[in-house]
Amino acid sequence: MNTKPVNEDLLKIGLEIHCQLTNLNTKLFCDCLCNYRNHLPNENTCPICLGLPGSLPLLNKRAIEFAAMICLAFKCKIPERISFYRKNYFYPDLPKNFQITQYNSYETSSIGYNGLYDFANDSSHGKDKSNINNNKPTIRITRIQLEEDPGKVTYEEDKSSVNNYTLIDYNRAGVPLVEIVTEPDFSNPSDVRIFLNEIINIFEYIGVCDPTLEGSVRCDVNVSLRNGKKVEIKNISSFKDVEKSILYEITRQKTLIMHDIAVQSETRHWDEKRKITIPARSKEEEEDYKYFPEPDIPKINLGGELFISRLKSIMHELPAERLNRYTNLFGITDHSARILVNSKRISDFFEESLKFYQSPVEVSNWIINEMLTKLNESEKHENIDKISIEKLSSSSFYPKLIATMARLVDEKSINRSKAREIFDISLRTGEDPLEIAKKLDINKISDTEQIIVLIKKIAEDQPHLSEQAKNNPNVYNFILGLIMKETKGKADPKVTLELIRETLNTSS
Amino acid sequence: MSQLFREPANVIINRIKRGELTAEEYISVIIDRINNMDTKINSFITKNFENAIKRSREIDKKIQKGEKTGVLTGIPVGIKDNISVKGLKNTCASRMLSNYISTYDATVIEHIKSEDGIIIGKLNMDEFGMGSTSELSPYGPVRNPWNHEYVAGGSSGGSAAAVSSLQIPISLGSDTGGSIRCPASFCSVIGLKPTYGSVSRNGLISYSNSMEQIGPIARTIFDIVPILNTISGEDRMDNTTVVLKSQYRIKSLEEILSSKLRIGILSELIETSEAQIMNGIQEKIKVLEKFPFDLEDTRLGILDFAVAAYYIIAMAEASSNLSRFDNIRYGYYSNPEGYDWRSYFAKSRSLFGDEVKRRILLGSYVLSAGYFGKYYAKAQIVRSRIRNEFEKLFMKYDVLILPTMPVLPFKLGERISNPVDLYNLDLFTILANLTGFPAISIPAGFSQEGFPFGIQFIANAFDEQKLIDLAVLFEKEFDYKERFESI
C-alpha cells in the first residue's frame, strides 16, 4: 500500500474489457456451439470457424441483441445501422488471419458508443466502506463492439524459442465477444476493481455471460501518469491481478520519472507468476491492422427506437434499477439493499422469497442478518458474494424457509432469539419451521383460551388488580409480566395484552 | 465416333429423360471427347470420371424406375477450380493449394447435384482468378480452341475453352472483373455474370468478395437458362444473397417482341475497340434496327478512374482473403523444423505466383494506416458514382450494349509481361462488377483471321431475364453453330 496514488500524479486508467457471450447457443458466424469448453481439441469446429477456403461468415443475429443489451446497461447510444470490419494480422490462433470486428475510425460501425457508468448509482461501492467518497468519477464508455474470439495457442514451454511444437485449438475460434472500451477516466486502482465487479454483476443480471466460466471475461488496462505516455498492459488473466498490475505499473512509471527517464508508449504483458509487467515485443504495437469493411456481411439496420424498446421490454432488470426499487418502493435501507443487489443470486433469492411472503424489510433482514451470516461462518472466506453464489445452489436455505421465518416473526410475534432457535433446528433437521414452533409449544401460547384461563386465575388470586386497573393502565403490563413468567416467555405479548384488557373489562 | 458431344444440353436432357439415350452412354461419349481433346486445350485440372460414371448410372436407374429427375438430368458440368466440390482437389490453380481437397460442397454444387447434373471435373484458371488470360496457372496455360497458340481469356479460361471445344456443354466460372465474360468472348461461347447477391458464393474461394459472382458458360442461351435457375437464389450460407422473384425462362419470339426494349448503345466504347470488333458489333446493332426496339446512342460519364478503383478494391479484398493460406490447417507439406511461426508463414506463402503476390502487396499497401482514405475510400466513392450513373441510365434503358473485350485473343505470352496493359483491357467488364449489375457476353462473330469476339449486354439489377431475351433474339439472328465444325 506504499504506492497509494495521490492526485498530483494525475493517474489516468482506461480499460478494455472482453466478455464472451457465453449464454448464446452458437458462435458468432457459424452453427458451432458457443460453449466450447469440455470438448476435445478442435472438435467444436466447422469450415467457417476454421476459415476453410470458400466459407463465409453467417451472422448470429441474437449476438447483436445480447451486445445491444450490454450497451443499454452502460447507457450507450445504439446507431441505426451497424457494420463489421476486418482487422488484418497474422497469428496462428486466427484461422482466417483476420478478425471480424467493428471499427469506428471511418464511420460509426460499433453496436454502442458514448456510454456512461455512474458510480453514484452503482450497487457495489456501498459495502466497500473504505472507498466511499463523494467525488467518484463518472466513467465514459468510448464504445462497445462485437467481435469474434480467436482460437487458443498452447506452447510446450513458456519460452517460445525452445519449443518443439505448439498446439492450436480452434474450439474457441468464433465465439462471440463483446469489447467494452472506456475513456481513461479512472484515477484510482480500487475504482477499477469496483467497476469490474459491477460489470460482472451486470453481465449476470442481463444473462449474456456467465462470468464464473474460465476466460469468459478478460481485461486490458492502460495507465498514464502526469500526462505522460500511455502504457497498455495485456494478458491479465484474472480480475484480481488487474489492480495489482496497475499498482505495479504506477510504481514502475514513478521510478522512471524519478530518474528522469521518459515513460515510453508501449504494450506490456502481465507476468502472472512474477506479478510484474514485462515489455511485449515492440513489433506488436507497430502492427498496422489494415482495417476495411467486411464485404461478406451486409450492413445491418437495427430498426432504431423500435429495436431498443423491444430489447428493453425483454431485458432483465439491472442492478441499479433493483437498488432503486428496494430502497424507494420497499423501504429497505440503502446498505441492506446494496448487499442484496450486489449479487444476482442473492437478489433473486430475495425476490423468490417475497413470492411466499410479501414483507420485504423482514425478509431482507432474514437474508442479510441470518442467512448470509451463517453462510459466512460456514466458510472461512472473506468474499461474501463468492460463497453465497457457490453455496446457494446447494444449500439448505431455500426461499420458502426465509419467507416462513419472516412470517413467524411478523405474524406470530415470536421474539428474535426464539426465531433463531427455530431457524437453527429447521436448518439442521430440514423440518418446517411452523411445525417446529408448534412442537416447541410456542404456537399454543397464542392460543387465546389458554391465556384467558391464566388471566382469570390471576384476577381471582389477586382481586385488587381488577380494581386498580380501572385507574392505572400500568396494571395491564404488570399482569402481562406475570403471564410471561408463567408461560416462560412463550406467550404472544401483543395478543396477551389485548386479552388482559378484554378479560378485566368484561369481568368487572 | 459419336457426335453427341456437339449437341446442346437441352437436347440431351430431353433425350435422356425420354429414355432415348442413357446418361451413362452420354457420359462415356463426353469422357472420350475430353480424353481426346483436352491434351490440346488443357482446360481440366482434375477429372472426376469415375464418380461421373457412377452418378450417371444412378440417374439411369431413377429414370428406369420412372422417378422424376432434375432440370440438368445427366448433364456433365465442369467446375472452375475455385469452387468447392466435396472430395475433389480444389487448387485454385495455385501451388499453395495443390493438395487441398474440399471438405464440403459449394451451395451451387449441391444444387447441381440435386438437379441430377454430373460434376465432371475441375477446370483450369488463372491462379486464384487473378488474370485475364488463363496463362497464370502452374498446370500450364489454357489454349484457345480456335487457335491453340492463342490465349483463351481468363480467369475462367478452362471453363470457356472446355465448352467451346465441345468437351462439355455447360460449365461454371466465377466473374470478379470479367473472368467469365472475357474468356467467353475469346472462345465464342455465352458467359453470364449474374447480379451480385443472386447466386450463393458459399464454397467459392474468395478473391474479391464484394464484386464476384459464380455464373454459367454454355454454347447456347437455351443451356444457360436451366443452369442459371439451378444455381440462383437465396442461400442461408451466404448473407449477401437475396430472394429472387421468379425463375428465368426462354420466351417465344412473339413474347420478346411484344415488349418494347429500350436499348442504350455505348458507342464510344465500341469505337475505341479494335477495328474488326467495332465493325462487327456495329453491324450486329444495325440488324437490331429491324425489331421494334428503341435504340439510342448513350455514354458513360466517368470511366477514367474505373480501372483504378476496381483494382484497388479487388486487391485490398484479395490481400485479406488470401491471408488465410498460411499452411497450418491445410495446404501442402512444408517442414516446419527450425522455423518460428512467422518465418514458417513467410516460407509457406512464398509459393503464391508472382501476380498473386503483386496483388497481395498492392492490396496491403492501399489498406495501410494513412493510405486508406487516399486509395480505398476514394475507390469506393468512384464505385458508387459509377453505380449512380448506371442507375440513371437504367431509368432510360432496359439494356446497355458494349463490346465484351476491346481486343481479339492474342498470342500466349504476348502480354504476360505487362500487367498494367492487361488491367486496362478489363475496362468494359469491370463495370458490371463495380456496380453489381448482371452482364452477359454472347458470340458476335469472328475476325478475318478466325478469332471470335463477343458483344456484352448489361441490365439493371435482377433483370437477367432481359439479357436472356436479347440473347435469344441474337442467337436466332446470328448462329455460329457451323463454325464449331472446325474445332
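What follows draws every value from the coordinates through simple rules; no lab data is involved. Predicted model, so just to flag it, every value in this text is computed and none were measured. Cβ placement follows ideal geometry from the backbone for every residue including glycine, while neighbour counts extend to all protein chains displayed.
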Does anything in the range B:158-188 have its amide N under 18 Å from the 7 Å Cα→Cβ label point of B:ASN279, and if so which residues?
none
Based on the alpha carbon coordinates of the protein assembly as shown, what radius of gyration and maximum Cα-Cα distance (Dmax) apply, in Å?
38.9, 143
Sort the following peptides by mean Cβ neighbour count (other Cβ atoms within 10 Å, averaged over residues), highest first: A:451-463, B:242-254, B:226-238, A:37-49.
B:226-238, A:37-49, A:451-463, B:242-254
In peptide A:45-53, how many Cβ atoms from other protein chains are near each Cβ within 10 Å, on average?
6
Over all Cα pairs of the range B:353-431, the Kirkwood radius sets Rh, and Rg/Rh then becomes 1.06
Cysteines not pairable in chain A (beta carbon separation under 4.7 Å absent)
A:CYS19, A:CYS30, A:CYS32, A:CYS34, A:CYS46, A:CYS49, A:CYS209, A:CYS219
Just the projected area, averaged over all directions, of the convex hull on the alpha carbon atoms of the range A:7-304: how many nm²?
16.7 nm²
Report, by chain and number, residues whose modeled amide H sits under 5 Å from the one on B:LEU88, excluding near sequence neighbours (fewer than 5 apart, same chain).
B:SER102
Report ³J(HN,Hα) in whole Hz for each residue of the range A:220-237, in order, from the Karplus equation J = 6.51 cos²θ - 1.76 cosθ + 1.60 where θ = phi - 60°; Gly and Pro get x.
9, 10, 10, 10, 9, 10, 6, 6, x, 5, 8, 10, 9, 10, 10, 6, 7, 7
Order these by the 10 Å Cβ neighbour count, fewest first: A:ASP348, B:ASP32, B:ASP38.
B:ASP32, A:ASP348, B:ASP38
Inter-centroid distance (Cα atoms) of the range B:209-252 relative to the range A:17-42, Å:
35 Å
If R0 = 45 Å, then A:ASP461 and A:THR429, at their Cβ-Cβ distance, give a FRET efficiency to the nearest 0.05 of 0.65
Under the 7 Å Cα-to-Cβ spin-label approximation, B:ASP32 and B:GLU149 lie apart by a distance in nanometres of 3.2 nm
Please sort B:392-398, A:197-203 by packing, taking for each peptide the average over its residues of neighbouring beta carbons within 10 angstrom, highest first.
A:197-203, B:392-398
If you consider only alpha-carbon coordinates, what radius of gyration and Dmax does the range A:223-352 have, in Å?
22.9, 60
When you look at the Cβ of every residue in A:293-300, what mean number of other chain Cβ atoms sits within 10 Å?
5
Cα pair distances in the range B:269-414, grouped into 5 Å bins until the bin that holds the longest one, percent each
2, 8, 11, 12, 12, 12, 12, 10, 7, 6, 4, 2, 1, 0, 0
For the cross-link pairs A:LYS77/A:LYS273; B:LYS89/B:LYS347; B:LYS17/B:LYS290; A:LYS27/B:LYS374; B:LYS245/B:LYS357, which exceed 32 Å when the distance is taken from alpha carbon to alpha carbon?
A:LYS77/A:LYS273; B:LYS17/B:LYS290; A:LYS27/B:LYS374; B:LYS245/B:LYS357
Chain B - Rg and Dmax from Cα coordinates, angstrom:
21.5, 73
Report the extension gain between B:LYS481 and B:ASN99 in nm, rounded to one decimal, defined as 0.36 nm multiplied by the number of residues separating them, less their alpha carbon distance.
133.6 nm
Ratio of the Cα radius of gyration of the range A:446-507 to 2.2 N^0.38 Å, where N counts its residues:
0.98
With labels modelled as points extended 7 Å from the Cα through the Cβ direction, what inter-label distance (nm, one decimal) is found for A:ARG501 paired with B:ARG249?
9.4 nm
Binned Cα-Cα distance frequencies in chain A - 20 Å width, integer %:
19, 42, 24, 12, 4, 0
On a C-alpha basis, how far is the centre of the range A:219-274 from the centre of the range A:67-113 in Å? Whole number, if you could?
26 Å
Would you mind working out the magnitude of the charge dipole of the range A:446-507 relative to its Cα centre, with +1 at each Lys and Arg C-beta and -1 at each Asp and Glu C-beta, to the nearest 20 Debye?
180 debye
Cβ neighbours within 10 Å from other chains - mean over B:321-333
5
Could you give the size of the charge dipole of the protein assembly as shown about its Cα centre, using +1 on the Cβ of each K and R and -1 on the Cβ of each D and E, expressed in debye and rounded to the nearest 20?
720 debye
Convert each backbone phi in the range A:51-59 into a coupling constant with the Karplus relation 6.51 cos²θ - 1.76 cosθ + 1.60 (shift: θ = phi - 60°), then list the ³J(HN,Hα) values in order as whole Hz, x for Gly and Pro.
x, 5, x, x, 7, 10, x, 10, 5
Which angle from 0 to 90°, rounded to the nearest 10, does the C-alpha axis of helix A:399-412 make with the longest principal axis of chain A?
30 degrees
